[in-house]
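For reference, the structure is listed below as structure tokens.
The values are calculated or read from the model by the stated rules, or taken from the named source; none is laboratory data. Just so you know, these numbers come straight off a predicted model, no measurement behind them. Quick reminder, even Gly has a Cβ in these numbers, built from the backbone with ideal geometry, and neighbours come from all protein chains shown. For accessibility, only protein heavy atoms count, side chains too; no ligands or nucleic acids. Shrake-Rupley method; radii C 1.70, N 1.55, O 1.52, S 1.80 Å.
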Amino acid sequence: MELGDKVLKGHIRSIGKAISCIENNRPEKEQLIDYLYPFCGKAEVIGVTGSPGAGKSTLVDKLIKRERKLGKKVGIIAVDPSSPFSGGAILGDRLRMQNHASDDDVYIRSMASRGHLGGIATATADAIKIFDAAGFDLIIIETIGVGQTEIEVMDLADLVLLVLVPGMGDEIQALKAGIMEIGDIYVINKKDHDGAQKLYAEVEYVLNINQSENDKEKNPIILTSANLDEGIDDLVKCYRDYFKYIRCNNILEEKRKKRIVNEINHIFTEKIISEVNQFLHIEKKINQWVKNILHEKVGPYTLINKKIEQFIKEFKEQ
Amino acid sequence: MTDIVRILIAKPGLDGHDRGAKYIARALKENGYEVIYTGLRQTPESIVKTAIQEDVNYIGLSLLSGAHNELFPQVIDLLKKNEADDIVVFGGGVIPEDDIASLMEKGVKAIFTPGTSIKEVISFIENNEKKNK
């Protein structure tokens, strides 16, 4: 496989083409991924998430700088939202990272969410595999600016940096379910702004409510100012230690196993749905079903259950 | 499903005026294209590297400083060197009429000067996409 071989050699143009192939869901996508799969699993994957304007891109820029000093090859996938109206997008994350544009060992790929709602794009998971197979040591996924429930990055990353900034509400916000639970490391950015210390205290308080006595299991909180390049060395040391800890305690292995479970479920469901759609010709029949529900007052559950029964019967007869 | 067209809007050179670039970026987004915007003061090298990493179909160069005769051809040459000259380059900004022919000769596929309606830019891309099919 020509494209796959070039990706394995780290050929920049081919990596770009391979990611486009995935993004556009071209027919050769599955073969490409399975060809590269045996070469995956070496890279470390960090997710960076947080609200819009929290400073994620600027922070990632500073992390790249540190990792490059250590000689690591870094791949970045920066996701921004697609327009729900036109399908277009403005991908502006790399604007903050253009310092690295002439460095051959930094590959930045902007990705539009293309209708996917979890804070990442459908193509993100497979794009990680492309970078991994191409020999990148560290892969950073920057999510879209998220709200409270866009948490899918936790299913892709080995560890998640949750970037918080002062001025987002009181400690009750920090206590809520969803995004506040997915950080492995909590980064309080813009530490030079008013309220940063207060936010630190609130997050510490909330994390302490349900955390164990064991210091090792506590999620660290780091204060940074990405813009002023402060606190970044602490953060890098912190996630390096965290990587060591999760590697030694099989936590990383468990996370990666869970990732495969999710992946199997995801691919399986998608394939089954498309098979069923084809078998039942749902696209052709959907208007009739709408009429049944709207005019004949058939309940949606009754209708669907009947269709599924019929499907199973026909399927068995085949 | 057809592939979504990706366009890099880049500002080479030293001028600090990016209203035009932002305007065009936004208009392209509203027409369903994915636009990568790199910000001010990019070198031809960084523009070409970005275009290749992002696997764009088009590069739109916006320049108001007067260095277009040097920088636009440099971008074209670097694309050739990197075997990426299938990427279509168009330009915009303050570009005198007299310079347009020579830029086109060097490989810039279209030049849009101030006052161009956004429809012209969109139909340039649409027509080009039709040709590719």
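Qualifying GluC sites (Glu not before Pro) in the range A:269-309, where qualification requires a DSSP coil assignment and no more than 14 other C-beta atoms within 10 Å, comprise A:Glu296. The accessible-area ordering, largest first, of the residues A:His193, B:His68 stands as A:His193, B:His68, per a 1.4 angstrom probe. Average projected area of the Cα convex hull of the range A:40-249, in nm²? Answer in nm², one decimal: 11.6.
Modelled spin labels at B:Ser117 and A:Arg13, positioned 7 Å past Cα toward Cβ, are 3.8 nm from each other. Based on Cα contacts under 8 Å between residues 6+ apart, the range A:1-76 shows a relative contact order of 19 percent. Taking a straight Cα-Cα cut-off under 12 Å and skipping sequence neighbours fewer than 8 places away in the same chain, no aspartates and glutamates fall within cross-link reach of A:Lys285. Nearest 0.05, what FRET efficiency do A:Val290 and A:Ala177 give at R0 = 41 Å with Cβ-Cβ as r? That pair, A:Val290 with A:Ala177, gives E of 0.70.
Toward the positive end of the charge dipole of the protein assembly as shown, with +1 on the Cβ of Lys and Arg and -1 on the Cβ of Asp and Glu, the farthest Cα among A:Ile293, A:Val153, A:Ile182 is that of A:Ile293.
Too long at a 20 Å Cα-Cα cut-off: which of A:Lys17/B:Lys80; B:Lys109/B:Lys133; A:Lys29/B:Lys29; A:Lys129/B:Lys11; B:Lys29/B:Lys119?
From A:Lys17/B:Lys80; B:Lys109/B:Lys133; A:Lys29/B:Lys29; A:Lys129/B:Lys11; B:Lys29/B:Lys119, over 20 Å: A:Lys29/B:Lys29; A:Lys129/B:Lys11.
A helix-only calculation puts chain A at -15000 deg cm²/dmol for mean residue ellipticity at 222 nm, using -39500 (n - 2.57) for each DSSP H run of at least four residues, averaged over all residues. Between A:Asn250 and B:Ala67, the C-beta separation translates, for a Förster distance of 60 Å, into a calculated FRET efficiency of about 0.55.
Give, to the nearest whole percent, the P(r) tail of the range B:6-132 beyond 19 angstrom, counting all Cα pairs. Percentage above 19 Å: 41. Taking Cα centre as origin and charging only the Cβ of basic (Lys, Arg, +1) and acidic (Asp, Glu, -1) residues, the dipole magnitude of the protein assembly as shown rounds to 680 debye. Less than 5 angstrom separates the built amide H of A:Gly231 from those of A:Ser225, all sequence-distant by 5 or more or on a different chain. One Cα centroid belongs to the range A:38-67, the other to the range A:156-185; the line between them spans 16 Å.
From the Kirkwood radius over Cα pairs of the range A:264-317, Stokes-Einstein at 25 °C and 0.890 mPa s returns a whole-number translational diffusion coefficient of 200 µm²/s.
Per DSSP helix of 4 or more residues, -39500 (n - 2.57); summed, then divided by the residues of chain B. What does that give at 222 nm, rounded to the nearest 500? Let's see the in-between values first.
On the way: 5 runs with 60 residues, N = 133.
Roughly -14000 deg cm²/dmol at 222 nm, from the helical runs in chain B.
For B:Ala110, the residues 5 or more places off, or on other chains, whose built amide H falls under 5 Å of its own are B:Gly91.
Summarising the label geometry, the points placed 7 Å from Cα in the beta-carbon direction at A:Phe85 and A:Asp34 lie 4.3 nm from one another.
Here the spin labels are modelled as points 7 Å beyond Cα on the Cα-Cβ line, and at A:Glu275 and A:Tyr205 they lie 5.4 nm apart. Compactness ratio for the protein assembly as shown: Cα radius of gyration over 2.2 N^0.38 Å (N = residue count) comes to 1.09. Across peptide A:99-112, the average count of Cβ atoms from other chains found within 10 Å of a residue's Cβ is 4. Over the range A:40-249, Cα pairs under 8 Å with separation of 6+ residues give a relative contact order of 24 percent.
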